[in-house]
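The values are calculated or read from the model by the stated rules, or taken from the named source; none is laboratory data. Every value quoted in this text rests on a predicted model; they were computed, and no experiment measured them. Neighbour counts run over all protein chains shown; Cβ positions are idealised from the backbone, glycine included.
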Amino acid sequence: MKKVIIEVILPLLVASGVVFATLEFGNETSNKSIQKPLSIDQRNAERKKWEATPAGILYKEWEVSPAGKKVYAAEAKINNSIRNNTNMEGVVTSLSLPAGSRVGFGVMVRINEEDYILSFGIETPGKNILNFKSEFDQLRTLKVNDKIFIKSHNVSHAPKYAYPIVAGNYIEREGKVVYKRTPRKGAC
């Protein structure tokens, strides 16, 4: 009887040892793949390398062009509202984005006499397959010339676009919330 028990338990112990060693090795490699953040000097060196590439040269040329200066000036007009997370009053000027846009769902708005792309990101369907409701359904009720109040945490730009890109976090129309970005899971 002892011999049968030893013959059964010994292979189980060997197999569990192999599995445990494999799991330990897997954890070790995943910890090595995490990179430390670059120092300021390293970041500046990487930026200098990129600025020497054809894409970097085109970007630097765009920055000093009239189109780039116009985009930067428009960003400067709303930077205080972005930084302080205060309401910005805007008017919807178009329900479609410029041709070739790749910023997800969005509309064009005019804030402080300047045009902006108001981007909400990529549309994701509900998790339940029977839930066809989209997070952007209320935004689809917006019409041209609607007055809205916008809160955002970010404004960006790209040479591809003639307008700054405002990330829409909170939209209100006629005192009613039309859109409020849901925080990502696991985000701070």
For the range 139-188: of the residues being among the polar types (S, T, N, Q) and surrounded by fewer than 16 Cβ atoms within 10 Å (Cβ to Cβ), which is farthest from ALA99 (Cα to Cα)?
THR182
So is ARG83 over 14 Å from PRO164 (Cβ atoms), modelled with pLDDT of 90 or more, exposed (fewer than 13 other Cβ atoms within 10 Å of the Cβ) and under 21 Å from the mean Cα position of the chain (by Cα) or not?
yes
Does at least one position in the range 29-36 carry a residue that is among the aliphatic types (A, V, I, L, M), surrounded by 10 or more Cβ atoms within 10 Å (Cβ to Cβ) and either part of a helix (DSSP H, G or I) or at pLDDT below 95 (or both)?
no
Unmet criterion (only one of (1) surrounded by 11 or more Cβ atoms within 10 Å (Cβ to Cβ); (2) over 29 Å from ILE171 (Cβ atoms); (3) not aliphatic (A, V, I, L, M)) for GLU75:
(2)
